Amino acid sequence: MKKTLKLMAALFVGAMFMGACQQAEEPAMEPGQNDAVVTRAYGDKTPKVTIYVETNDVNPLNAGDYVLPNGEPYADIVELFAANIHKRTVNGVTEPVLYLNDKMTNLMENDGYLTYIKPLQDKGIKVILTILGDHQGIGFTNLNDTQATQFAKILAHAVEKYGLDGIGFDDEYSKVTSTVQGSYGNLIKKLHAEMPADKLITVFQYGNVGSSQIGADAGALIDYVYSDFASYNTYIGVSGVGKAQFAPESINLGYGYSTIAISNYGDNAYNVAENGYGAIMHFNLRRTSDRNQTQLFSSIADGAWGELSVSVASTPSNAGDRPQDWTFVTGGHDITMDDVNAQ
């Protein structure tokens, strides 16, 4: 509705202007030409919708239960939040390790892919594993060249092993005491080279931490950068990233949102689409029994693509409210260079 009202106003002004400037004789229109309807198509879903799922307490399948009127999913990308960068010592040398915590492990291991990832992909949703620091003193900003190569290989191995669509980075909680200039960008370039061309790389611009270490050559390889939580923040803090790669609207679903806020998010979704930005990000999806998110999603869909609503799928009966139903693995699971070399 927001888009229609703005469009009608624009068409009215345009019609008045055209009427004043008309010549006495107008060229004949081709048959059917006057039947054309101006609208923003949503078949290709631009801007894309990303939904982060906190896998510590939410089933990622819930993200695929929100649908548009044509039955297609509201979400285009689901980010599994989060795995961690850890470290180990091998012959006195520090190596990076990819750590899946006790709750993340069985989403990946033991055929977790078939239960929790593939069903989303079958709906056309890309599923990405987000990597987060973990108070280990190692992170994306202090890797030397050898460590960056190792971690890129480990991440690419995980993408292939678990059938993922890419890797997301969130530079928080690493507790590094020093940095290596250009480390973050170096890691991104190496990961891009290790993965197939159709795999995605995303960056959450939280607090803009580490972004100064991503040069334009690395930034150009990033598919999407999400702004720090904001209703509409157009500041792109990563060099080499253009509008088509950026999400200026970045919403924390874990917070409450009023009727006014819902309307404002819809208005800004219109601005996102109208100004050529590529994505809208939602963080921390909640279960429907915890929070009704359909009003918010509908407002965003209306703003971004016009006259659309979002609903929860009719099946299964607990769609949108699926419980966390997998077994936790004490101690989690490490993926190291030993796994890469053994493949």
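The numbers here are math on the coordinates, done by the rules we state, and not lab data. This one's a predicted model, so the numbers in the text were calculated from it and none came from an experiment. Counting neighbours? That spans all protein chains shown, and the Cβs are built from the backbone with ideal geometry, glycine included.
Among Asp111, Asp145, Asp321, Asp165, what is the fewest-to-most ranking by other Cβ atoms within 10 Å? Show your work: numbers first, answer last.
Working: Asp111 10, Asp145 13, Asp321 16, Asp165 19.
Starting with the residue having the fewest Cβ neighbours, the order is Asp111, Asp145, Asp321, Asp165.
How about the stretch 197-304: which chymotrypsin sites (Phe, Trp or Tyr not before Pro) there lie in a loop by DSSP and see at most 13 other Cβ atoms within 10 Å?
Sparse-neighbourhood loop chymotrypsin sites (Phe, Trp or Tyr not before Pro): Tyr235, Tyr255.
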The stretch 140-147 - phi-based ³J(HN,Hα) in whole Hz, Karplus 6.51/-1.76/1.60, Gly and Pro as x: 6, 9, 10, 8, 6, 4, 5, 5
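Which ordering of Leu191, Leu132 is given by a fewest-first count of other beta-carbon atoms within 10 Å?
Least to most surrounded, the residues fall as Leu132, Leu191.
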Under 5 Å, built H, 5+ apart or other chain: amide partners of Glu249: Asn233, Met281
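Given a cut-off of 19 Å, name the pairs among Lys126/Lys189; Lys103/Lys189; Lys45/Lys243 whose C-alpha atoms lie farther apart than that in the structure shown. Intermediate results must be reported in sequence, preceding the final value.
Details: Lys126/Lys189 21 Å; Lys103/Lys189 30 Å; Lys45/Lys243 16 Å.
In this structure, Lys126/Lys189; Lys103/Lys189 exceed 19 Å between Cα atoms.
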Nearest 10 degrees, 0 to 90: helix 2-21 Cα axis against the chain principal axis: 40 degrees
Net lengthening on full extension, Asp198/Val93 (0.36 nm per residue, minus Cα-Cα): 34.4 nm
Within the chain, helix-based [θ] at 222 nm, where runs of 4 or more DSSP H residues each add -39,500 (n - 2.57), nearest 500: -8500 deg cm²/dmol
